[in-house]
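Inspection log for the structure reproduced underneath, given as structure tokens.
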Amino acid sequence: MNIPDQLKYTEEHEWISVDGDIVTVGITDFAQSELGELVYVEVDTLGESVDKGDVFGTVEAVKTTSELFMPVSGEVLEFNTEIDENEGDNPAVINEDPYGAGWIVKIKMSDSSELEDLLDAGAYEEIIA
């Protein structure tokens, strides 16, 4: 299972990459493998401020749908056009490259102290073991 050291993780299986106050969010390799082939991703919070722990979208696989939870509070700035049904419409890119091309949203973080509550790679690995 791929768990990059440079990322932070949530117990709900989201990952984040931090670049100043801009944070990229996706689902982990473990999450995509558990869900199976992804067929649809919905993010209806674009342009909105979302609190940590709130649902910001959903991912739909062949057999199930799962909610996406915001790892830190902030404004949703961008939804990955590659997976947006109105643009690239290729949600399977999350299965293929969950930590790269398969990112889901970029947000402007409003409270960087919330990063302290996230898991490092070792702690996340213990959760999924």
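Points to keep in mind about this one:
- Flag for V25 being within 15 Å of I94 (Cβ to Cβ) and in a strand (DSSP E or B): yes
- Condition check for V55: within 25 Å of Y124 (Cβ to Cβ) and in contact with a Leu (Cβ under 6 Å, 6 or more places away or on another chain): no
- Exactly one residue among K52, K8 is modelled with pLDDT of 95 or more, touching an Asp or Glu at 6+ places or on another chain (Cβ under 6 Å) and basic (K, R), and that residue is K52.
- Selection within segment 32-55 - polar (S, T, N, Q) and assigned to a loop (DSSP other than H, G, I, E, B): T45
- Segment 56-65: number of residues that are in a strand (DSSP E or B) and either touching a residue at least 12 places away in the same chain (Cβ under 8 Å) or closer than 17 Å to N80 by Cα (or both): 6
- When we screen T58, T65 for residues that are surrounded by 14 or more Cβ atoms within 10 Å (Cβ to Cβ), touching a Phe, Trp or Tyr at 6+ places or on another chain (Cβ under 9 Å) and either hydroxyl-bearing (S, T, Y) or modelled with pLDDT under 95 (or both), the only hit is T58.
- Considering only residues in segment 104-116 that are in contact (Cβ under 8 Å) with a residue 60 or more places away in the chain and among the charged types (D, E, K, R), the one that is farthest from P4 (Cα to Cα) turns out to be K108.
- Test result for E125, in a helix (DSSP H, G or I) and under 17 Å from the mean Cα position of the chain (by Cα): yes
- Which numbered condition Y99 fails, given (1) surrounded by fewer than 18 Cβ atoms within 10 Å (Cβ to Cβ); (2) in a loop (DSSP other than H, G, I, E, B); (3) of a type outside the set (G, A, S): (1)
- Among the criteria (1) surrounded by 23 or more Cβ atoms within 10 Å (Cβ to Cβ); (2) in contact (Cβ under 8 Å) with a residue 40 or more places away in the chain, the one N80 does not fulfil is (2).
The values are calculated or read from the model by the stated rules, or taken from the named source; none is laboratory data. Note that this is a predicted model, so its numbers are computed, not measured. Note: ideal-geometry Cβ built from the backbone for every residue, glycine included; neighbour counts use all protein chains shown.
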